[in-house]
Structures are given as structure tokens and as C-alpha cells.
1. What stretch of the chain, leaving out the sites themselves, is the longest with no trypsin sites (Lys or Arg not before Pro) in a DSSP loop having at most 16 other Cβ atoms within 10 Å?
2. By counting other Cβ atoms within 10 Å of each Cβ, how are 204, 33 ranked from fewest to most?
3. Using DSSP to call loops (not H, G, I, E or B), can you name the chymotrypsin sites (Phe, Trp or Tyr not before Pro) in segment 135-215 whose Cβ has at most 13 other Cβ atoms within 10 angstrom?
4. Compute the Cα gyration tensor for segment 115-246, then decide on rounded, prolate or oblate, letting a ≥ b ≥ c be the square roots of its eigenvalues: rounded whenever a/c is under 1.5, prolate when a/b is larger than b/c in the other cases, and oblate in all that remain.
5. Compare the peptides 36-45, 216-225 by average per-residue count of other Cβ atoms within 10 angstrom and give them in order, highest first.
6. Non-local amide H neighbours of residue 213 (under 5 Å, H modeled in plane, Pro and chain starts lacking H): which ones?
7. Would you list, by chain and number, the lysines whose Cα falls below 30 Å from the Cα of residue 6, excluding same-chain residues fewer than 8 positions away?
8. Could you tell me the relative contact order of segment 1-154? Use alpha-carbon pairs under 8 Å, at least six residues apart, and round to a whole percent.
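Readers should treat all values here as calculations from the given coordinates under stated rules, not as data from a laboratory. Bear in mind the structure is a predicted one, so any value in this text is a computation, not a measurement. With ideal geometry, Cβ positions are generated from the backbone for all residues, glycine too; neighbour counts draw on all protein chains shown.
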Amino acid sequence: MFGIKKPIIAMLYLPPSLGHKNHYGLNRSLQEINEDLEIIMDAGFDSCLCENEKDSPYLIKATSESISSLSIYTKEVLDNSTIPIGFNFLLNDPCISLTIAKSSGAEYIRTDYFSDEMKRENDDLIMSINPREVINHRHKLKADDIKIYADVQVKHAKLIKKRPFLESAIQTLQDGADGLIISGEWTGKAPGLDQLKSLKSQDITKPIIIGSGFNSENCHELLEFSDGAIVGTAILTNGRVDREKAFRLVDSLPTT
């Protein structure tokens, strides 16, 4: 990823979108974005993943209002960033993530759902993606250079049809994902080392990225069995990037 051996990707929670009850206007939104981005870059993260976390309760599919404002937000990040940028639309619309990435200049997307049909634990919503449609949409956009990093049996959801974790991971790659994101059972919880070791034993050549629970205490151990990490909880306070936490995390990383 990005020509960096084991990149550490900082989460940037974008402000509420246009049409959301908490939307507080473009000027304030762009100011917050640039404040958080500045800390991420100053701390030395390798990339930044933009996500509409503050649009809760999330939509399954994007609206014209959310697409418009999230495209503006992400473009603002790109225009002021010196590091690669990614995008993830919550809750379940990787085609829109690709569209926003293409229009803004982002290099990759994250999709929480890809190969496995799953039911969310807190609202019983069924999350179902057709991976072929996502790949075809990327080709239609002439965006084949935009990478798709997909979660495997993502947190806060259960499989509709149970199957082993490793089987899901292999299927995700066969369906066209450019890398795997492995999370724990909930936000802030790290994945089990057994899962990571099982993937490494398969001699997988595409990136295996930690998707949750990565922090200054477990970073050395987790990076031994992965190819990078996405960091959210460990560097955020009330949904904003915390300078002290961000610098502490980067300072704790392995030096080789």
C-alpha cells in the first residue's frame, strides 16, 4: 500500500452531511476537517481514511445530499493533504464510495460488507453486496486504479450463512478485493491473533490490514502478523482527532 511497508492509516470522521439533522454548515465543516487533517499529517500517519461516521443513524444507500457534501468534504481533504486518502460510505454503499473517491481523487475505499451477507446486531438490517457489481462499477468509472479494501466478517454483524473465517477471507479476495480488513467483535477491540496467523499461513500476497482495536500497547504484536492498520478509537476524542493521542500512537510504533 502506497509504497510503504506497513502503513498506519488514521481515521478522519467527516462532519454531518447536508440533510442530516446535525449538519452545521459548510464553513464550519471544512474548518473541522482541516484541523483534524493537520494533526494527522503532523503526527506522521501514512494515510487518512475519511468516513461519514457522524451521519448516524446511517443510511443503507447514499442520498443526493450526502453524496454532494461528502464529495466536497473529501475533495477538501485531498486538496490539503500530503498523504494518500481513502473513503468509506457508511453503511452499505461501496459503489458510492468509489464514485466519491473517483470524483475527489482518493486512492482507495473501505467497504464494511463485500462477500458475505450479514445481519447487523443492533438493528437487524440485512447487509448484502454483489461484489461483481462493485467491480463493474469501478470499471465503468474508469477507476480501476482505486483499491478496494474489504472487511471480512465485519464487527457489529453476524453471518446469515455461517462459514469459517478463513473461507470468507479467501472468497473476498476471489471476488476482487485488493486487500483484507480484519476487525475485532466491536469498535475498539482488536482482532484475534489466531485469525491473523491463519491468514498469514495461507501465503496471501495482498495486504492484511487491522481494522479495529489497534493502539500503542498492541501495535508491535499486531503488526507482526499484518501489513498495516487503520486507527480510530486510539486517536479520537468525541469524534475529533486528538493531537496528544495521535502523537503518542505514532511514537509507539515499531521503528523497523
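1. Counting only loop sites that pass the neighbour cut-off, the longest clear stretch is 62-141.
2. Ranked by crowding around the Cβ, least crowded first: 204, 33.
3. For chymotrypsin sites (Phe, Trp or Tyr not before Pro) across segment 135-215 that sit outside H, G, I, E and B with at most 13 neighbouring Cβ atoms in 10 Å, the list reads 186.
4. Rounded shape, in that the Cα axes give a/c under 1.5.
5. 36-45, 216-225
6. 188, 189, 232, 233
7. Output for residue 6: 54, 75, 102, 142, 147, 155, 158, 189, 197, 200, 206, 245.
8. Once normalised by length, the contact order is 20 percent.
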